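Peer 1: Below you'll find the structure I mean.
Read-outs: derived from the displayed coordinates by stated rules, not from any lab. Just so it is clear, the model here is predicted, and its values are computed rather than measured. All Cβ positions, glycine included, derive from the backbone under ideal geometry; neighbour counts span all protein chains shown.
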Amino acid sequence: MSQRNFKIWRGDADGGEFKDYSVECGEGMVVLDAIHRIQTEHSGDLAVRWNCKAGKCGSCSMEIDGKPKLSCMTRLSDYQPEKTVTVQPIKAFPIIRDLVSDVSWNYEQNKRIHPFQPDESSSEKGLVMHQKDVDRVQEFRKCIECFLCQDVCHVLRDHEKHDEFVGPKFMIRLAGLEMHPADTADRIASIREDFGSGLCNITRCCTDVCPEHIVITDNAIIPLKERVVDRYYDPVAWLLGKLFGGRKKKPVDAIEPTKTIRV
Amino acid sequence: MTPEKMTDPKSTGGHLPGYLATQRNDRWWIEPLLTGLGFALFVAYSTWAAFQGAHYWAGSYLSPFYSPLLFIDPSVPGAAPIEHAWFGLWPDSLRAIWPSWLPISPAFLILAGPLGFRGTCYYYRKFYYRAYFSSPPGCGIEGARKGKYRGETGLFLIQNLHRYTLYVAIAYIVILYYDAYHSFFRDGEVGVGVGSIVLLINPTLLSFYTLGCHSFRHLIGGRLNCFSCNAVAEMSHGGWKKASGLNRRHMMWAWISLVWVGFTDFYVRMVSMGIWQDWNTWG
């Protein structure tokens with residue numbers, strides 16, 4: 001056991017400041033353990049969102065020494081014992097209190113995406129998928145909705161383009177639908193115009209911070225950008241698609257945020 | 001729905017605004033610094049090499065910076081024999097419009113091809129947006145041009161031409177393999193030299209880089225939604241998987257091939273200038 005120092009941001013939407021804490025920490029402890037100890041020993045009203053403590057619920061996202069991380073998966077042994085560990089709420093979304101941010105904007109974005117639209121004619125025998133078709137989209141289903149990728153994305157974080165760019169988390173959802181062999185919706189125009197694929201400049205921070213190691217940039221965003229190129233910037237691909245390809249025939253736009261849909 | 005704009009530092013959870021503002025205390029700046037300097041070094045060397053307009057040929061070795069050789073001025077030292085030019089001597093009409101400040105060098109006619117491919121490559125975009133444009137300089141580090149950011153919708157819309165540069169890059173690889181093949185022949189005699197091996201490794205590394213390109217991966221199969229629907233799609237899936245394997249190491253191949261293409265020019269140049277001795281079977 002050793003004494004470790006923490007600098008934790010305390011406050012709400014009206015303002016706040018960093019406060020210093022010092023607690024006993026032992027072997028194997030993670031940052032969330034230390035926060036719980038601070039709650040117990042020093043500050044019972046310290047607000048922190050958490051649930052599973054196993055890196056699977058995506059609740060305890062925060063910034064630890066400036067890096068977006070899950071606090072339940074961040075070992076204190078990764079930090080030098082004599083250094084103070086700085087803990088802040090995620091930056092890209094409004095603060096509710098202390099380490100808790102309001103991530104509801106993300107749920108609104110999710111509602112804007114048209115759900116899976118399978119081919120009606122294949123519904124009798126059910127949807128049969130081969131493993132090679134499943135593999136590519138399965139990766140995206142690992143997402144735990146921690147929104148660390150949304151937080152680190154500089155388009156949202158620094159440039160605050162929430163009105164124009166849906167963020168990497170929803171790019172993977174769109175990719176999972178767009179690449180799905182049984183989905184009939186034509187989402188390309190919407191991905192470009194409504195969800196802002198062009199605003200991503202693929203600097204890969206989203207991939208770097210993903211705790212599920214989803215290769216967001218290379219496997220989701222860039223393939224979507226290439227499909228946009230097919231449609232808008234490559235006349236040969238566009239013509240071939242018109243003549244031979246594309247069974248996705250139903251163009252869909254983003255759903256207005258006020259409209260309630262089944263997801 | 002936009003979250004309320006967060007400009008007051010007190011309401012931003014301690015995230016102070018400003019260029020390079022961050023709570024990170026690791027050496028995040030090393031990667032953009034090293035990659036920025038490394039690429040700048042390559043650009044400086046390749047520009048210098050292109051400006052030389054000479055010593056690009058040694059025995060049967062042709063520098064990749066000068067391939068394909070469209071026109072030749074045989075009077076310069078280290079120039080290739082005239083039969084190696086695709087279109088012969090430099091035409092007077094081209095000399096007439098050539099800028100006076102620019103040396104007459106065959107390299108200037110062809111460098112736009114590989115430069116265009118690397119310049120629009122998805123990996124290089126990551127590196128130079130970070131290193132040269134501070135957009136962002138690192139993950140969680142506030143970058144430049146706050147509020148004016150347009151991503152790849154404004155000036156950088158040009159990045160969408162990447163697949164055209166891919167086609168050009170593939171043509172260059174074929175040409176460089178042809179050069180490597182010819183490097184094993186000298187005066188009608190088959191042989192091998194260190195330079196032949198260097199020239200053969202060059203397009204091989206470039207192939208690993210180019211065939212792992214995101215656009216190639218898309219075109220070979222990624223564009224399909226169903227890999228199991230027919231025989232052609234099954235074949236595409238095989239190609240897509242192989243391209244994906246190379247793509248996972250795209251950054252590594254990008255740098256290795258970049259360094260090797262520079263080294264290949266350097267090797268040919270040194271042999272051509274008589275500074276290095278090429279070990280070979282021709283004697």
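Peer 1: Mind giving me the FRET efficiency for A:Ser2 and A:Asn51? R0 is 35 Å, r the Cβ-Cβ distance, nearest 0.05 is fine.
Peer 2: Efficiency at R0 = 35 Å is approximately 0.80.
Peer 1: Ok, one more. Could you give me the ³J(HN,Hα) list for the range A:39-47, computed from phi with Karplus coefficients 6.51, -1.76, 1.60 and θ = phi - 60°, whole Hz, x at Gly and Pro?
Peer 2: Values per residue, Gly and Pro as x: 4, 5, 9, 10, 8, x, 9, 5, 8 Hz.
Peer 1: Assuming a ≥ b ≥ c are the square roots of the Cα gyration tensor eigenvalues, decide whether the range B:169-246 counts as rounded (a/c under 1.5), prolate (otherwise, with a/b larger than b/c) or oblate.
Peer 2: prolate
Peer 1: Please work through chain B and write down the cysteines that have no neighbouring cysteine Cβ at a distance under 4.7 Å.
Peer 2: Singleton cysteines: B:Cys121, B:Cys213.
Peer 1: Let me ask another. What average number of partner chain Cβ atoms lie no more than 10 Å from the Cβ of the residues making up A:224-234? List each step's numbers first, then the result.
Peer 2: Numbers: counts 0, 8, 11, 4, 1, 9, 4, 0, 2, 8, 6.
The per-residue average across the peptide is 5.
Peer 1: Still on this structure: Given a cut-off of under 8 Å on Cα pairs at least six residues apart, what relative contact order in percent is computed for chain A?
Peer 2: Taking the mean separation of contacting Cα pairs over the length of chain A, I get 17 percent.
Peer 1: Okay, moving on. Determine, for B:Arg150, B:Arg125, A:Arg187, B:Arg145, the number of other Cβ atoms within 10 Å of each Cβ, and report the residues in order from fewest to most.
Peer 2: With the fewest neighbours first, B:Arg150, B:Arg125, A:Arg187, B:Arg145 line up as B:Arg145, B:Arg150, B:Arg125, A:Arg187.
Peer 1: Distance in nm between label sites at A:Leu239 and B:Glu31, each 7 Å beyond Cα in the beta-carbon direction?
Peer 2: 4.2 nm
Peer 1: Past the 24 Å Cα-Cα mark, which pairs from A:Lys83/B:Lys126; A:Lys161/A:Lys250; B:Lys126/B:Lys148; A:Lys225/A:Lys250; A:Lys69/A:Lys169; A:Lys69/B:Lys126?
Peer 2: From A:Lys83/B:Lys126; A:Lys161/A:Lys250; B:Lys126/B:Lys148; A:Lys225/A:Lys250; A:Lys69/A:Lys169; A:Lys69/B:Lys126, over 24 Å: A:Lys83/B:Lys126; A:Lys161/A:Lys250.
Peer 1: Give me B:Ser228, B:Ser135 sorted ascending by neighbouring Cβ count inside 10 Å, so fewest comes first. Kindly include the intermediate steps, with their values, before the conclusion.
Peer 2: On the way: B:Ser228 16, B:Ser135 20.
Lowest count first: B:Ser228, B:Ser135.
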